[in-house]
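For reference, the structure discussed in these notes is given below.
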Amino acid sequence: SPNDPVVAVGAGPGQFEATTITVKGQSISLSAGESLQDVAAKFNAVTGSTGIAATIIQSSPGNYRMVFTATATGLTADFNLSAPGTVSDPNGALANLGLNLPASIIQDASNAVFKVDGITIERESNQV
C-alpha cells in the first residue's frame, strides 16, 4: 500500500534511507517509518522551487511506485535525481532506488522541433 513504510535506517532495495537530502537547493528530510505518501508529499511541498513533482502509481496489484516528473516542458526542465548538480544526498537516501539505471528514465526531456514554411523552429513547448 502507498501507506506502508518505505523509509528506514539502513534501507534495503527499493527503500529510502532516513536522512536529509537537498534537491535543487531545497531540503527534504526523510524519517524512518514514513510511507510513499509521506515521501511524495515532501517532494511535492517544494515542487514550486524544484520543478519536480512526485506521483504514486499502482504498477500491479499490491505494488506501488513513485514517479518523478518535471512540472515544466523542454530541455531546461530536465533533471536527474542521481546527479550531484540536482541532488545532494551524502547519506544515500536515494541510493537503493535504482535512479541511476537507464531503465529508470522513462522519457528524456526534449524541446519541440517543428517546421513552419520550411523553417525549423525549436521551442520548450508546442506553442509558437
Could you look through segment 72-85, keep only residues that are in contact (Cβ under 8 Å) with a residue 40 or more places away in the chain and part of a loop (DSSP other than H, G, I, E, B), and pick out the one that is most open to solvent (accessible area, probe 1.4 Å)?
-> THR73
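Just to be sure, is SER35 of a type outside the set (Asp, Glu) and open to solvent by less than 20 Å² (accessible area, probe 1.4 Å)?
Yes.
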Being assigned to a loop (DSSP other than H, G, I, E, B) and more than 14 Å from the chain's Cα centre (by Cα) is the filter; apply it to segment 15-29 and report the residue that is surrounded by the fewest Cβ atoms within 10 Å (Cβ to Cβ).
-> GLY25
Search segment 109-120 for residues that are touching a residue at least 24 places away in the same chain (Cβ under 8 Å) and pair each with any residue that is hydrophobic (A, V, I, L, M, F, W, C) and part of a strand (DSSP E or B) when their beta-carbon atoms are under 8 Å apart and the residues are at least 6 apart or on different chains.
-> ALA109/ALA70
In segment 39-56, residues that are open to solvent by 20 Å² or more (accessible area, probe 1.4 Å) and among the aromatic types (Phe, Trp, Tyr) total 0
Out of curiosity, is ASP38 at pLDDT 90 or above and of a type in the set (D, E, K, R)?
-> yes
ALA32, sole failed condition from (1) in contact with a Pro (Cβ under 9 Å, 6 or more places away or on another chain); (2) in a strand (DSSP E or B) | (2)
All positions within segment 38-71 that are in a helix (DSSP H, G or I) and within 14 Å of the chain's Cα centre (by Cα) | VAL39, ALA40, ALA41, LYS42, PHE43, ASN44, ALA45, THR47, GLY48, SER49, THR50
What about GLY12, is it out of contact with any His (no Cβ under 8 Å at 6 or more places or on another chain), exposed (fewer than 15 other Cβ atoms within 10 Å of the Cβ) and in a loop (DSSP other than H, G, I, E, B)?
-> yes
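The values are calculated or read from the model by the stated rules, or taken from the named source; none is laboratory data. Model, not experiment: these values are computed from the prediction. In this analysis, Cβ positions are derived from the backbone assuming ideal geometry, glycine residues included, and neighbour counts consider all displayed protein chains. Side chains included, ligands, DNA and RNA excluded: accessible areas come from the protein's heavy atoms. Shrake-Rupley method; radii C 1.70, N 1.55, O 1.52, S 1.80 Å.
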